[in-house]
Amino acid sequence: MRAGAAGFVPMTEVPRIRTEFEGKRIVVTNGCFDLLHVGHLRCLAFARSLGDLLWVGINDDQSVRSQKGENRPIHPASERAELLAGLRPVDLVTVFSGRRATAFLQAARPSVYIKGGDYRQETLDAEERRALESMGVEIQFFPLVEGRSTSAAWEAWQKG
């Protein structure tokens, strides 16, 4: 996705853009968002309801491949970012590199961090959790939507 597209913030611009929202309650979530489903939308809507702004970080293609396998991502980062930026609950989207969102989280400095219910406090990445805790970020979890997961959808699609 090109810099300047509606809602898209390149990683290099995150610190500068963040200063424009001083005093606002910023909510952040992150993930691959490789195959969107209703569980994603409900989580994003919940996250947005908790603050003034929802900022979504998405893994770049290389990090999705390293986490999910050579057949992934299904859609390139530019398209995943464009899709997310087009959703009503989402205000800003940033693509970050590497398996960990730590640099993005530190630059975005959220008030609230949301993860899906497949995570718990103790299963969050330790580096990311330490960064969030050091900034005093409130961490919340959105319950999974039963029967909806990217992995299940991908497996069903592969079976035909």
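The values are calculated or read from the model by the stated rules, or taken from the named source; none is laboratory data. Since the structure is predicted, the reported quantities are computational estimates derived from the model, not experimental observations. For neighbour counting, all protein chains shown are included, and Cβ atoms are generated from backbone atoms with ideal geometry for every residue, glycine included.
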Review point. How about the range 19-54: which of its residues are touching a Lys or Arg at 6+ places or on another chain (Cβ under 6 Å) and in a helix (DSSP H, G or I)?
Key: VAL38, GLY39
Review point. Exactly one of (1) surrounded by 22 or more Cβ atoms within 10 Å (Cβ to Cβ); (2) at pLDDT 95 or above is unmet by ALA45. Its number?
Key: (1)
Review point. Filtering the range 55-72 down to residues that are polar (S, T, N, Q) and outside any strand (DSSP E or B), which residue is modelled with the lowest pLDDT?
Key: ASN71
**Study point:** Conditions (1) surrounded by fewer than 14 Cβ atoms within 10 Å (Cβ to Cβ); (2) in a strand (DSSP E or B); number of the one not met by GLU127
**Key:** (2)
Revision key, fill the gap. Scanning the range 103-118 residue by residue, those touching a residue at least 60 places away in the same chain (Cβ under 8 Å) and in a helix (DSSP H, G or I) turn out to be ALA103, PHE104, LEU105, ALA107, ALA108
Review point. Can you name the number of the only condition in (1) within 23 Å of MET135 (Cβ to Cβ); (2) touching a residue at least 60 places away in the same chain (Cβ under 8 Å); (3) under 13 Å from the mean Cα position of the chain (by Cα) that VAL56 fails?
Key: (2)
